[in-house]
Amino acid sequence: MAKTETNRRSAGGKKRLTADVTKAVRAALSKQAAKVVVLDLRNTPAFTDFFVLCSGQNQRQVKAIVDAVEDALRAAKVKPAHIEGYDRAEWVLMDFFTFIVHVFTPQTREFYSLERLWGEAERIEVSDEPTGAARA
């Protein structure tokens with residue numbers, strides 16, 4: 001799990017995500033994840049570098065998104081240290097050490113509002129296109 005792209009910027013000045021975070025985002029988008037946001041936590045007192053936040057419309061879609069993220073990263077030989085919440089599928093947390101993927105139902109995401117709780121983190125908007133790149 002190298003951080004090869006973590007601190008680089010592209011020619012256009014846009015902040016680049018790590019390859020593993022990018023794979024997670026693309027996998028989530030491939031299952032039509034909604035409101036995908038990456039929080040850059042490197043300049044905060046956080047325990048990880050990035051949060052990937054997204055929503056599925058129901059518990060079945062939440063599980064499909066989680067499965068797609070796990071499959072995409074396992075193909076790159078990256079395994080989560082821990083997955084929590086899969087059975088209830090209202091908020092599934094996938095811990096990959098340097099980043100954490102959170103997949104919510106819309107109601108649960110609104111209730112916990114992690115974007116607000118981590119308001120000091122840099123927010124990186126992600127295109128809704130499965131092949132789209134993150135934008136700073």
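No value in this document is a laboratory result; all are computed from the given coordinates. None of the values given here were measured: they were computed from a predicted structure. Quick reminder, even Gly has a Cβ in these numbers, built from the backbone with ideal geometry, and neighbours come from all protein chains shown.
Taking Cβ atoms as reference points and 11 Å as the exclusive limit, the residues near T48 contribute a net charge of -2, counting Lys and Arg as +1 and Asp and Glu as -1. Cross-link partners of K35 among aspartates and glutamates, defined as those whose alpha carbon lies under 17 angstrom from its own and excluding same-chain residues fewer than eight positions apart: E90, E110, E115, E122, E125, D128, E129. The Cα center of the stretch 11-73 and the Cα center of the stretch 93-116 differ in position by 10 Å. Rounded, prolate or oblate: which fits the stretch 57-117, taking a ≥ b ≥ c as square roots of the Cα gyration tensor eigenvalues, rounded meaning a/c under 1.5, else prolate when a/b beats b/c? Note, shape of the stretch 57-117 comes out oblate. Where does the Debye-calculated log10 I(q)/I(0) of the stretch 19-126 sit at q = 0.11, 0.19 Å⁻¹, using only Cα point scatterers of equal weight, no solvent? After summing over all Cα pairs, the log10 values are -0.28, -0.89.
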